[in-house]
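The values are calculated or read from the model by the stated rules, or taken from the named source; none is laboratory data. Please read all numbers here as calculations on a predicted model, not as lab measurements. Reconstructed Cβ throughout: ideal geometry from the backbone, glycine too, with neighbour counts over all protein chains shown.
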Amino acid sequence: MFKAKVNANVLRECIESITAIVDEGKLRIAEDGLKLRAVDPANVAMVSFELQGDAFDEFRFAVAEEVKSETEAGTESKAETEIGIDFVKLLGILGIGGREEVELELDEHAQKLFTRMGSLAYTISLLDPSSLRKEPKVPELEFPVQVIIETEEFRRTIRAAEKIGDHIVLGVDGEVFYMEAEGEMDKLRLGLRKEQLIHLTPGTLHSLYSLDYISAMSKGMSHAENITLNLGKDYPLLIEFEVAEGKGKVSYLLAPRIESE
Amino acid sequence: MGVNIGAILEPKETSLEALSGKTVAVDAYNTLYQFLSIIRQPDGTPLKDSSGRTTSHLSGLIYRTTNLMECGIKQIFVFDGKPSELKAKVIEGRSERRKEARRKWEEAKVLLPEEAFKYARASARIDMTIVEEAKRLLTYLGIPCVQAASEGEAQAAYMVRRGDAELVSSQDYDSLLFGAPTMIRNLSAARRKATPEVIELKELEEKHGITREELVDIAILVGTDFNPGIKGIGVKSALKLIKRHRSIEKVIAEAKIEKIEGIENYEIIRNIFLQPDVNESYEINWETPDEEKVKEFLCEEHNFSEERVSKALERILKSKINVSQRRIEQWL
């Protein structure tokens, strides 16, 4: 059983942070909130999403009886339910519903999610979780450098870089964090000193990333005030930020483009 | 052209970035045909040099191919060999249609300029000069060319099965019938005009519960480059028939199809797809582009803009650094 009420803007912000990477995925519902981890179809980026139950105005969850008895017979019983959701569709519905509070109710038996926004009720058929990709493993990564930057500063640079080329360099040179894009004609560089940032680990390294992915991510983080960038040399990029006024955490992992030969 | 089975396929969209580091066996005739039919002036006239020779194919090769190289995608161009006798008939029909299109294009240029482009496209044709020029440019660019024994797509599919390439690139679906495990469409389309999409044979087989042999039978019922198919049978009804009866023989016997006109050579055609003639001794080597030769050929012989060609070459040479998009599995 899952029943919840949530502010439509909060829900939209959360779903947008997921659709930046995947269109559909397996959402895990437990007593303490929602979780998702999914990789994009090209295996280049991953999103991890966690939302606490108290981000909701009302959040009630209990494992269905028949499921409970089955799992208890087995090993450790895990009080959670997994549902397959087409997030793009859900986002479209929230767009129609406007700013109302959203009520959610799961019918696990019929594999449907009821949504109600004011006088509008919409029933979404769930996706068969077995038809969706398996949840990826948690990567084991160590990042030598961490940068905390205002989201708007980052997004502005990405928007400018989109006009120039299809990739972007993120790096740290001493106490400066920089973003560089170079195309056939133009070149762009943003350099921010330690005091212009919220946090910076000094170092000397950089990595190259596909701008298509970073652009999509930059849309998914638009409601966060700050983002944390974890960087290495020719290494994945881990971007972390909060959603739902700090009651949710999102992270994006992006594999680098590597120059060889 | 090609077999019309698109309606039962579920292509998956992908991006050039995601294909970085992969090797693609390109159906050369199909790609050249795309260039010749699409790269045209607004009134439908193909690009031409000062002596009036068509250069649309060369323009496509240098600029669009550069895009792919820049993204770290390796290409092998596979050229058709001798067409089978059955195909000859289809080709005959095609050249009739092309002549008709050409006549209509000439008319339309005067009467209906907005229609001209459509007819111009349909009049595109590949001749030996076009093929020879394409091979010359590809060689100067350092891209390997492979000569097929017969069908280019059969050869490309064979090369993927052998592990020399990972995908067949073509707008037609025939390579699936020839057994290509993975194929991609829209690879040479102008960026942002069409999204590249991947189709996997295994997924297709699993989704419909059919084998490749049965897929070939479906194609024969619908019509291929080697036979017109049965009139009135589309791919969805062909799929139903084959799923119920499992082979053309049984469809004919059990579904009581009286007129087998259009599929009478089905055994031969099945064999063309399942046991195609392929060239087993080919070499694949990627070389550094010969800048001077490319410029001489394109700029001096065919009046290309020196500036644009230089820029394209610069991009290719830079791509030699081989920037490849990594996948996150590497860190999981």
Next item on the list: Please enumerate the residues belonging to the stretch B:63-85 that are of a type outside the set (Phe, Trp, Tyr), at negative phi and over 17 Å from the mean Cα position of the chain (by Cα).
Entry: B:Thr66, B:Asn67, B:Met69, B:Glu70, B:Cys71, B:Ser84, B:Glu85
Checklist line | Residue in the stretch B:282-332 that is farthest from B:Lys135 (Cα to Cα), counting only those that are at the interface with chain A (Cβ under 10 Å from one of its Cβ atoms) and acidic (Asp, Glu) | finding: B:Glu329
Notebook entry, point to check: Can we say B:Ala180 is over 16 Å from B:Leu9 (Cβ atoms), in contact with a helix residue (DSSP H, G or I) (Cβ under 7 Å, 6 or more places away or on another chain) and either charged (D, E, K, R) or buried (at least 24 other Cβ atoms within 10 Å of the Cβ) (or both)?
Noted result: no
Note to self: Return the residues of the stretch B:281-299 that are of a type in the set (A, V, I, L, M, F, W, C) and part of a loop (DSSP other than H, G, I, E, B); say none if nothing qualifies.
What the structure shows: B:Ile284, B:Trp286
Next item on the list: Give me the pairs, please: first residue somewhere in the stretch B:258-277 and touching a residue at least 40 places away in the same chain (Cβ under 8 Å), second residue anywhere and among the basic types (Lys, Arg) and surrounded by 15 or more Cβ atoms within 10 Å (Cβ to Cβ), beta-carbon distance under 8 Å, and either six or more positions apart or on two chains.
Entry: B:Leu274/B:Arg212
Check: What about A:Ile168, is it out of contact with any helix residue (DSSP H, G or I) (no Cβ under 7 Å at 6 or more places or on another chain), within 14 Å of chain B (Cβ to nearest Cβ) and closer than 30 Å to B:Ser310 by Cα?
Finding: no
Margin query: For the stretch B:1-46, give me each residue that is away from chain A (no Cβ under 14 Å) and part of a loop (DSSP other than H, G, I, E, B).
Written below: B:Met1, B:Gly2, B:Val3, B:Asn4, B:Ile5, B:Leu9, B:Ile39, B:Gln41, B:Pro42, B:Asp43, B:Gly44, B:Thr45
Next item on the list: State whether one or more residues within the stretch A:194-208 are over 24 Å from B:Lys318 (Cα atoms), touching a Phe, Trp or Tyr at 6+ places or on another chain (Cβ under 8 Å) and within 11 Å of chain B (Cβ to nearest Cβ).
Entry: no
Item checked: Index of the failed condition, A:Tyr122 passing every other in (1) within 21 Å of the chain's Cα centre (by Cα); (2) part of a strand (DSSP E or B) -> (1)
Notebook entry, point to check: How many residues does the stretch A:23-38 contain that are within 14 Å of chain B (Cβ to nearest Cβ) and in contact with a Leu (Cβ under 9 Å, 6 or more places away or on another chain)?
Noted result: 2
Next item on the list: Go through the stretch B:158-200 residue by residue and tally those that are over 12 Å from the mean Cα position of the chain (by Cα) and of a type in the set (Gly, Ala, Ser).
Entry: 6
Item checked: Filtered residues of the stretch A:232-255 (kept if part of a strand (DSSP E or B) and either within 14 Å of chain B (Cβ to nearest Cβ) or of a type in the set (Lys, Arg) (or both)) -> A:Leu237, A:Leu238, A:Ile239, A:Lys249, A:Ser251, A:Tyr252, A:Leu253, A:Leu254
Notebook entry, point to check: Which ones in the stretch B:204-217 are over 21 Å from the mean Cα position of the chain (by Cα) and either in a helix (DSSP H, G or I) or closer than 19 Å to B:Arg94 by Cα (or both)?
Noted result: B:Glu205, B:Glu206, B:Lys207, B:His208, B:Glu213, B:Glu214, B:Asp217
Check: On the given criteria, is A:Met185 within 14 Å of another protein chain (Cβ to nearest Cβ), crowded, with 17+ Cβ neighbours inside 10 Å and out of contact with any Lys or Arg (no Cβ under 7 Å at 6 or more places or on another chain)?
Finding: no
Margin query: Filter the stretch A:1-40 down to the residues that are assigned to a loop (DSSP other than H, G, I, E, B) and within 15 Å of the chain's Cα centre (by Cα) and list them by number.
Written below: A:Ala20, A:Ile21, A:Val22, A:Asp23, A:Asp40
Margin query: I need the full set of residues from the stretch A:158-193 which are modelled with pLDDT under 95, touching a strand residue (DSSP E or B) at 6+ places or on another chain (Cβ under 9 Å) and not in a strand (DSSP E or B), in order please.
Written below: A:Ala160, A:Ala161, A:Glu162, A:Lys163, A:Ile164, A:Gly165, A:Asp166
Margin query: Among the residues that make up the stretch A:125-143, is at least one of them surrounded by 16 or more Cβ atoms within 10 Å (Cβ to Cβ) and small (Gly, Ala, Ser)?
Written below: no
Next item on the list: Return the pairs, sorted by first residue and then second, in which the second residue is part of a helix (DSSP H, G or I), the first residue lies in the stretch B:86-115 and is surrounded by fewer than 13 Cβ atoms within 10 Å (Cβ to Cβ), the beta carbons are less than 8 Å apart, and the residues are 6+ apart or on different chains.
Entry: B:Arg97/B:Ala122
Notebook entry, point to check: Across the stretch A:149-193, what is the number of residues that are of a type in the set (A, V, I, L, M, F, W, C) and in contact with a Phe, Trp or Tyr (Cβ under 9 Å, 6 or more places away or on another chain)?
Noted result: 8
Next item on the list: Please specify each residue of the stretch B:90-128 satisfying the condition of being at pLDDT 75 or above and either within 17 Å of B:Val294 (Cα to Cα) or not in a helix (DSSP H, G or I) (or both).
Entry: B:Arg125, B:Ile126, B:Asp127
Notebook entry, point to check: Listed residues B:Ile263, B:Ile328; which is at pLDDT 85 or above and touching a Gly at 6+ places or on another chain (Cβ under 7 Å)?
Noted result: B:Ile263
